[in-house]
1. Return a yes/no flag: does segment 43-50 have any residue that is at positive phi and assigned to a strand (DSSP E or B).
2. State whether the residues of segment 66-88 include one that is over 32 Å from the mean Cα position of the chain (by Cα) and either hydroxyl-bearing (Ser, Thr, Tyr) or more than 21 Å from Lys151 (Cβ to Cβ) (or both).
3. Which of the residues spanning segment 23-81 are of a type in the set (D, E, K, R) and farther than 30 Å from Ser136 by Cβ?
4. Kindly indicate whether any position in segment 89-97 is buried (at least 17 other Cβ atoms within 10 Å of the Cβ), among the hydrophobic types (A, V, I, L, M, F, W, C) and under 16 Å from Leu131 (Cβ atoms).
5. Return the residues of segment 129-157 that are crowded, with 18+ Cβ neighbours inside 10 Å and of a type in the set (Val, Ile, Thr); say none if nothing qualifies.
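FYI, it's all coordinate maths here, none of it is from the lab. Everything numeric here is computed off the predicted structure, so don't read it as measured data. Here the Cβ positions follow ideal geometry from the backbone for every residue, glycine too, while neighbour counts run over all protein chains shown.
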Amino acid sequence: MDPIKVIVVVVVALVVLIFLLGIRIVRPTHRGLIERLGKYKKFAAPGFHWIIPGIDRMIQVNITEQMVDAQPQEIITNDNLNARVDAQVYFKVRDDEEHVKSSQYHVNNYQFQIVNLARTTLRNIIGTLTLKSANSERDKINTALLTTLSKETQNWGMAIVRTELKEIDPPKDVQETMNKVVKAENEKVAALDFANAAERQADGVKRAEIKKAEGIKQAKILAAEGEAEAIRLVNEAANKYFIGNAQLLRKLETLEKSLMNNAKIVVPSGSELVNVIGEMAGVLPLTK
């Protein structure tokens, strides 16, 4: 075979190999930094890129939201109790050139740094709180942790999206005591609610009885007034109409009813029967 052809084939194969070795593809979830002989050369956006193998180097940086666990740690609270605390930090590298460069050239292993910074910040925050307040003020702790991390990492080319406390667990014996206290407080609240309900019920019954008594009183007053009015009307009618023969007729009717019922008439000694009957009927007695 012709030596020249062999050399041409070798050269072509070498060029193709170098070309293939220099191909770099950047995905939409990443951004690239191209260095040449250890010096920053240019920024690589998503797409196709080619570098010189052995001379150029591409660093690809993930710009999607990521999460790191601060890892559980024992923290002494302000009331000298141990609490097991764990948190998660959500962050992402900003996608512009300056911030991507900062994430690589201003900090060494930003994920490791964020974890340690979060652990230190949690110790500082929770160390100023009591165990009870730490459990009840989780939002406050999250806000303080987020503020501190955002401030400390502002030169790292990233944004701290949010922080979440996973757990604040006291020792087992302290937890049992706290559970007993909470149970006692709940029982106290329930007893007060029951007492208030019973008091309101008693007040309701009392008001109902008062209204009932007032109703009975008013009914009796109205009945008495009605009876008085009836008596007055009867009296007026008697004075107006029961005179003369009408009065005498009424008395005779009364005497007749009495005698019909086998009524007994006692005649005093020395009296005339006719006069006694006359007096019962309202007739003037006969004189001797």
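1. Applying the first criterion (at positive phi) to segment 43-50 yields 47.
In the following step, the residues that additionally are assigned to a strand (DSSP E or B) were identified as 47.
Yes, segment 43-50 contains at least one residue that is at positive phi and assigned to a strand (DSSP E or B).
2. Taking segment 66-88 first, the residues over 32 Å from the mean Cα position of the chain (by Cα) are 66.
Narrowing further to those that are either hydroxyl-bearing (Ser, Thr, Tyr) or more than 21 Å from Lys151 (Cβ to Cβ) (or both): none.
No - not one qualifying residue is present in segment 66-88.
3. Quick first cut of segment 23-81, residues of a type in the set (D, E, K, R) only: 24, 27, 31, 35-36, 39, 41-42, 56-57, 65, 69, 74, 79.
Correct list: Arg24, Arg27, Arg31, Glu35, Arg36, Lys39, Lys41, Lys42, Asp56, Arg57.
4. no
5. First pass over segment 129-157, keeping only residues crowded, with 18+ Cβ neighbours inside 10 Å: 129, 131, 134, 141, 144-146, 148-149, 153, 156-157.
Across segment 129-157, the qualifying residues are Ile141, Thr148, Thr153.
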